[in-house]
Every structure is written in structure tokens, then in C-alpha cells.
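Q: Next up is a structure, given as C-alpha cells.
The values are calculated or read from the model by the stated rules, or taken from the named source; none is laboratory data. Fair warning: this is a prediction, and the values are worked out from it, not measured in the lab. A quick note on method: Cβ atoms are made from the backbone with ideal geometry, for glycine too, and the neighbour counts reach across all protein chains shown.
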Amino acid sequence: MSRESHPSSTAADRPAAVLVGVQLQGVSDDELASSLDELERLTETLGLRVVGRVTQKRRGLGSANLLGEGKLRELAKYTGGPGFVPSFMVPGSHGAAETEESDGFEEPEEEEEGDATPRAVTVIVDHDLSPTQLRNLEKVTSIEVLDRSMVILSIFQRHARTREAKLQVEIARLIYMVPRLREANAGADRQRGGIGGKGAGESALELGRRAARDRIAALRRTLVGVRKEAETQRSRRSGSETQAVALIGYTNAGKSRLMRGLTNETLYVADQLFATLDTTVRVLVPETRPRILISDTVGFIKNLPHDLVASFRSTLAEAEEANLHLHVLDASDPAMREQYEVTRKVLAEIGADKHPRLLILNKCDLLNGEQQSALASEFPEALLMAASVPEDVLRLHGWIRDFFESSMEEETFVIPYDQQAKVGLLYEHCRVLEELYEEDGAHLRVLAPSEVLKGLRREV
């Protein structure tokens, strides 16, 4: 199945990138491969194509070079860099004691004369790098190096649409960049600092850091106002006798496509990670009485940068206040179970793990009958479906309607003929099961939540 994120151009037209992963103790080969597969999809979402992978087993991530000497040379073959860091930059650290293994992953090929394949222009590392590691890898490779957090930040920055999302991403980006700016300029500052270390260079650096802190503070103040507006909108909805459903799940599980099917709305749908970042709220279609609102929340992902977790907590407010969670999983993804646990963990952290929940195993049209039967046995309470199949979406619509109606109450209202305008009030807020006209007026048997009926008794 193609994961192409830029259909307007061929894969060969996109800049090349090479992935780097470290297999730590306790991490299996399958787990490493799954993590790199996800990193490759993040890389493709960023508009790059992956031309190779360099992996190594190590005891930790503390080395100033991240990789051993042999793997650094292997990485440099993809990039044209020198393949080593000058020893004066990394005192006492050569990685000789570390274990180096190829782990069966793709090895770089020697570049033949006349080969038109471009070298990698970016190194993508499946870990968060320290400023020193980032600088050293750039020296080794002579090209741009991005760690996992920077890749995710870049994708978020491209895909943010609403003011709130843009503010959140900008705050997280500045927090990420401040220590790296300090490290990048440290050498120049020392050279210009003069006796006592207090010179023009250090002053300029401090001014830059202060400007970044001031900018973060200003953005946070603006964000407070934007969030208050969003909270006001949510409070209006919560007080308007509507039922709320939140679509939650790992990124690229198919939430947006499912949202489009349930609401008949034209929403952006793409087979890539973080295609949508902003919470969208729409009415379930065909409409029910009372109305049911569906919200599509931002996708989850493992090892999300800490500052983004803090920044995007508000996008999960819809999930916290929803009456029902539809937990969507990509049933065709081998890492589905791990993704399931990541989502449940984050929901528990924000106190939204006690809501009624329907587990949806999406994209089952990509599985054979045997695989579907195995999933049905493993997850007996789940709904197996495909958001691309209208009949499956209609079946889910009925399940949602039945869920809310199961807690509703029946009541019969008698509307005198001189107050027929109130019949429309009942149709607006209730599901009318039966309507009879007797001598004393219209008799309507309705189904609605108890709170709605309580309000209607006062009105009618």
C-alpha cells in the first residue's frame, strides 16, 4: 500500500534522507524496525524520501557522537561527509568499547561513477539529541541533522491551521531551539568574550536568549485568551442539550476519514502522519434528536516531544468533555497494539480514560478473512470496519445513536390545539416515537435524556 504524501511529485524528485536508529538494551529487532518504519513515514510526511538506514546496538545514548566510529563512517557514505569528528572536539570518546552491528538493515552502496542518485541531504535520528550530539553528527556528515522531536515539530508547524495550533507549535519550537542556539554559538562567544568571559559575544547570546524567553511569554499570554474563547464555545455546546462523541487514536488511524463519513463534511484526508492537527467539531449526519456532535482530535504518537504534549493538552479538551470515545486503530498496522497502549496512557494522564469507549478496528478492508477473525477473537468488544465503506459507516452511525438512546427516557406530552407551536419544540429536542391527535390535543410519545425532559416539562 502506498504511503506517498506528495502525489504531485514522484519519489525520485524529493530530497533524500538517511535514518539513524540506536537499538538499546531491552529493545527487540521488531520494535526497532517498527520505530524506524514510523520515523520513515514521518520523514515522508516532511517531504523527504528515505534512501537508507544506519543502526547500531549500544548500551546507552550518552556518547557525544551517538554512534561508534565504524557506523559514523557508514553514515558518511550516504552524505559525503568525513565520517569522523576531530578528536579535540570529543575528548576521551571514540566509541571503541561499544558494540557495532548492522542488525540486518539496509547497508549503503558504494556510489558508482555516473550514478544519478543524489546523496542524502538530511540525516533523521530516531532519538532526541543533545546539542553536542547534534553538532558532532553535522560535522561527521556535513549535512543537516534532525532529531525525532525536530521532525515532529516541523510537521506540526506545516500542518497547523487554527490560531491556537499555530501558537502552541511556535511555543514548543522556541523552547526546543533555545539550548541549541546557545550550544551553536558557544564557541564563537568564547572567542569574542575576552578576559573574564564577559564580552560582546556573550552579551549578544544573552540578548538572544532573553528575546526568545520574552517571545514565549508573550505567546503564552495570547494563548490564554485564545483558549478562553475555545472554552466558552465548549461550555455553550455542553449547555445546549447535545451529546458529544470524540474520535481519538494514533495518528493516521483514519479518524479524519471516519469523521467525514459520519458528518458528510468535506475534510482534508491524507494517508500521512498528522494530516490534521486542529480539533474539528461537526454534527452527526443524518441528524438525531437531540443532536450528536462529533469531534476529531489530534492524533497520538509515541515519544511526542514533552513541550508539544503540554502545548496540545487543550486540543484534547474535547475528549475530556465527550460522553463517548471512539478509539480508532489502524488494524492493518503491525504496531497496532503498541499504538493502542500509547493512546490509553496519554488519556490516563489527562484524566480522560474513564469515559465509555468503543474500540474501532479501522482499515479492515486491508486484511484477509483469517486476520479479521483473529482480531475479532482478540478484541470481542471492538467494531471491525473500514471508514471507506459506506455500509460500515452507517452501521457505526446506528451504534452511536443506540448508545445515547439506551440511557434516554420515554415520556408522553399532551399539547392543546391552541399551543401547537410547542409540537415543533418537541421535535427539535426529542426523538418523536409516536404522534396521535385526540380530542384534548396532540399526544406525542418522545424519547430524550432526562435533563432534556425536565426542561421540556417547564416549557410545555
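Q: Residue under question is A448, and the condition is that it be touching a His at 6+ places or on another chain (Cβ under 8 Å), on the phi < 0 side of the Ramachandran plot and surrounded by 17 or more Cβ atoms within 10 Å (Cβ to Cβ); does it hold?
A: Considered against the rule, which asks whether it is touching a His at 6+ places or on another chain (Cβ under 8 Å), on the phi < 0 side of the Ramachandran plot and surrounded by 17 or more Cβ atoms within 10 Å (Cβ to Cβ), A448 comes out as yes.
Q: Can you name every residue in segment 414-436 that is modelled with pLDDT under 90 and exposed (fewer than 11 other Cβ atoms within 10 Å of the Cβ)?
A: Scanning segment 414-436 gives a single hit, A421.
Q: Just for segment 193-208: of the residues that are surrounded by 15 or more Cβ atoms within 10 Å (Cβ to Cβ) and part of a helix (DSSP H, G or I), which one is modelled with the highest pLDDT?
A: Result: L205.
Q: I've got another one for you. I need the full set of residues from segment 356-370 which are surrounded by 12 or more Cβ atoms within 10 Å (Cβ to Cβ) and without any contact (Cβ under 8 Å) to a residue 40 or more places away in the chain, in order please.
A: The answer is R357, L359, L361, C364, D365, L367.
Q: Conditions first: (1) under 34 Å from the mean Cα position of the chain (by Cα); (2) modelled with pLDDT under 85; (3) at positive phi. E101 passes all but one, so which condition is the exception?
A: (3)
Q: Residues that are more than 22 Å from E287 (Cα to Cα) and among the hydrophobic types (A, V, I, L, M, F, W, C): find the helices (runs of 4 or more DSSP H) completely inside segment 358-460 holding 3 or more of those.
A: Correct list: 369-378.
Q: How many residues are crowded, with 17+ Cβ neighbours inside 10 Å and closer than 29 Å to D30 by Cα when one looks only at segment 343-355?
A: Matching residues across segment 343-355 total 3.
Q: Of all residues in segment 407-429, which are of a type in the set (D, E) and within 42 Å of the chain's Cα centre (by Cα)?
A: E409, E410, E428
Q: In segment 209-236, what residues are hydrophobic (A, V, I, L, M, F, W, C) and either surrounded by fewer than 15 Cβ atoms within 10 Å (Cβ to Cβ) or modelled with pLDDT under 80 (or both)?
A: Across segment 209-236, the qualifying residues are A211, A217, A218, V224, A230.
Q: Here's another thing I want to ask about it. Starting from residues that are modelled with pLDDT under 85 and in a loop (DSSP other than H, G, I, E, B), keep the ones in segment 117-166 and report whichever is farthest from the chain's Cα centre (by Cα).
A: T117
Q: So which of A246, A270 is out of contact with any Lys or Arg (no Cβ under 8 Å at 6 or more places or on another chain), of a type outside the set (S, T, N, Q) and at pLDDT 65 or above?
A: A246
Q: Whether any residue in segment 424-434 is of a type in the set (G, A, S) and touching a residue at least 40 places away in the same chain (Cβ under 8 Å) is what I want to check.
A: So far as segment 424-434 goes, no, none of its residues is of a type in the set (G, A, S) and touching a residue at least 40 places away in the same chain (Cβ under 8 Å).
Q: Moving on to the next point. What's the total number of residues in segment 273-296 that are surrounded by fewer than 19 Cβ atoms within 10 Å (Cβ to Cβ), at pLDDT below 65 and among the β-branched types (V, I, T)?
A: Adding up the residues that qualify gives 0.
Q: Right, another one. So, in segment 63-80, exactly how many residues are in contact with a His (Cβ under 9 Å, 6 or more places away or on another chain) and either among the acidic types (D, E) or surrounded by 22 or more Cβ atoms within 10 Å (Cβ to Cβ) (or both)?
A: Within segment 63-80, residues that are in contact with a His (Cβ under 9 Å, 6 or more places away or on another chain) and either among the acidic types (D, E) or surrounded by 22 or more Cβ atoms within 10 Å (Cβ to Cβ) (or both) number 3.
Q: Within segment 176-192, which residues are touching a Ser or Thr at 6+ places or on another chain (Cβ under 9 Å) and either over 26 Å from D147 (Cβ atoms) or at pLDDT 85 or above (or both)?
A: Correct list: Y176 only.
Q: Right, something else. From the list P390, P449, which residue is in contact (Cβ under 8 Å) with a residue 12 or more places away in the chain, under 25 Å from L359 (Cβ atoms) and touching a Phe, Trp or Tyr at 6+ places or on another chain (Cβ under 9 Å)?
A: Going through P390, P449 in turn, the sole match is P449.
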